[in-house]
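Undergrad: Here you go, one structure.
Please treat every number below as a calculation from the coordinates, not as lab data. Predicted, not measured: the structure shown is a model, and the values here were computed from it. So basically every Cβ, Gly included, is an ideal-geometry build from the backbone, and we count neighbours across all protein chains shown.
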Amino acid sequence: MSDSELIQPRQEDAVGPVGAWMQAARPRTLPAVIGPVLLGQVLVADEYFLWSTAVLCMVCGLALQVAVNLANDLFDGLSGVDQDDRLGPVRAMHAGLLSARALAVGLSITLAVAAVTGLWLIIHGHWLLWLMGAAAMLAVLGYSGGARPYANLGLGGAVVWVFFGPVAVLGSLLAHGSPVTGEAIWAAVLVGLPVAAIMVVNNLRDRHTDRRAGKLTLPARLGRARTLWLFAGLTLLPVGLAIPLGSGAWLWSAWVLVMLAALWLNRRLRHSEGRALNPLLGLTALYSLLYAGWLMMWFGT
């Protein structure tokens with residue numbers, strides 16, 4: 001061991017076990033699931049709403065979100081996608097903060113939490129939740145794992161929209177046994193779009209290293225210019241489709257605030273590249289929560 005190795009602490013020692021798990025779990029992504037699940041609870045008819053079901057919906061959603069973050073850290077580390085020139089936040093396995101075995105155990109635990117809470121919701125809810133739950137488990141493992149990860153096919157954003165839009169919102173209604181209305185379907189379609197934008201930012205930053213590793217995400221296929229238009233569509237279009245026509249001044253004020261936030265995000269994205277995109281991941285996640293809050297106001301009036 002060299003003198004420099006004796007003087008400099010290892011990265012895993014500097015971060016500590018709690019910090020290592022926080023790196024892998026990526027709590028800044030959690031607003032992406034909190035917004036759609038909360039929106040689903042707001043849309044449940046009053047006579048069907050149960051607090052216990054609402055809490056379990058949130059726990060299940062959060063467990064699945066953490067599970068997919070752990071799975072990506074694990075599978076990208078094993079496949080060699082993560083390299084020393086990675087531009088994104090530190091990956092726990094690649095940095096030596098957590099072993100592959102530790103991540104596999106953490107992934108198993110979070111999936112077990114999702115399965116147990118999901119099973120309770122299925123038993124007391126609609127039978128369609130069996131299909132949604134099984135599909136969610138496969139989606140967690142299939143993004144970067146397996147023989148043909150769907151991230152390599154450029155399908156990451158579409159899958160995110162499905163599970164953070166229709167599945168999260170309509171699944172919440174089905175868990176309560178509440179009727180699925182046209183209003184709920186429209187809200188589910190809209191709320192997943194800004195969440196998919198988070199994936200676009202992440203993959204735009206990593207497009208060069210992903211392409212080199214054979215991970216052909218949508219931004220790796222489209223290039224920067226067309227990806228910027230895709231981001232604009234995912235953040236601005238849902239605001240334009242939720243104009244509060246015929247509403248009072250307070251709803252219009254809230255809508256203007258959301259639109260300004262979307263415009264600001266797009267401006268930041270156009271002037272950012274490489275590691276400068278990292279803060280935009282958390283900001284886009286917060287924007288998705290803001291947009292979900294707007295839909296709660298709009299549909300709740």
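Undergrad: Taking the structure as given and computing Cα extents along the principal axes in Å, which label from [x] 52, 51, 38; [y] 52, 47, 38; [z] 70, 45, 35 fits?
TA: So the structure-derived entry is [z].
Undergrad: Springs between alpha-carbon atoms under 10 Å, Gaussian network over the chain: tell me which of 168, 225, 213 tops the mean-square fluctuations.
TA: Of 168, 225, 213, the Gaussian network model singles out 225 as fluctuating most.
Undergrad: Sticking with this structure for a sec: Test of understanding: in a Gaussian network model of the chain with alpha carbons linked when under 10 Å, which of 33, 44, 116 would top the mean-square fluctuation ranking?
TA: 116
Undergrad: Kindly express, to the nearest 10 degrees and within the range 0 to 90, the angle between helix 31-43's C-alpha long axis and the longest C-alpha principal axis of the chain.
TA: 20
Undergrad: Using Cα springs under 10 Å in a Gaussian network model of the chain, which residue among 150, 287, 48 shows the largest mean-square fluctuation?
TA: Most flexible of the set in this elastic network: 48.
Undergrad: Follow-up question, since we're still on this one. Go through 280-286, 125-131 and give me the packing order, highest mean Cβ count within 10 Å leading.
TA: So the order, starting with the most tightly packed, is 280-286, 125-131.
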